[in-house]
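> One structure is given below, represented as structure tokens, and several questions about it will come after.
The values are calculated or read from the model by the stated rules, or taken from the named source; none is laboratory data. Predicted, not measured: the structure shown is a model, and the values here were computed from it. For the accessible areas, the whole protein counts, side chains as well, though only heavy atoms, and no ligand, DNA or RNA atoms are used. Shrake-Rupley method; radii C 1.70, N 1.55, O 1.52, S 1.80 Å.
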Amino acid sequence: MEGLGDVVFERTYETSKLERLGAARLLHLDFEDAVSRFEGLYVISVASTDKHWLTASRVVSISDIGLAARSSDNQVIVFSHSIQTARPLAGVEVRFISDNNQVIHESITDGQGVARYTPSESEATDFTVGLVTARHGADFNHLPFRQTAVHSERWDVGGFRTRNLAYDAYI
């Protein structure tokens, strides 16, 4: 992870001494003493000291900015709310970043915590949103747009259809 940030915490653990959950071992990380302000993105990397091919890493976001997004053929809508209070966050700086890492639009959330991107005919419409970032004061969060999509092809999401009958049956 060289060149991507600062190492804030590093320690070697004996995995056989970690708490067990089924076949897995649990590692509870508390780096309160290592970082005075928690907000931001962290890469958690775990690697074996003797079997160098055994590695895993995850990006962890610590933020009060909750993000959800919805896209259609002609618009991307981002909803921003406080994770602590569940209230909409107004004034959040939202960036829509393309799959090839170009900022294609910047917006500020309104009083309902909503930011919109509607590509106009004058803009390059061949860019697709790949990442949404949000900044609110010193707080930052991100939403990897394509990896967090909820696909609905497998479920019946067409809604309730009536056949003008006077009764309904439920099982």
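> Students sometimes get this wrong: rank Asp73, Asp64, Asp126 by accessible area, probe 1.4 Å, all chains present, largest first.
Largest accessible area first, the list is Asp73, Asp126, Asp64.
> Next question, about the same structure. Each residue of the stretch 60-66 in order: what ³J(HN,Hα) in whole Hz does its phi give by Karplus 6.51 cos²θ - 1.76 cosθ + 1.60, θ = phi - 60°, with x for Gly and Pro?
Rounded to whole hertz, the list is 10, 10, 10, 7, 8, 8, x.
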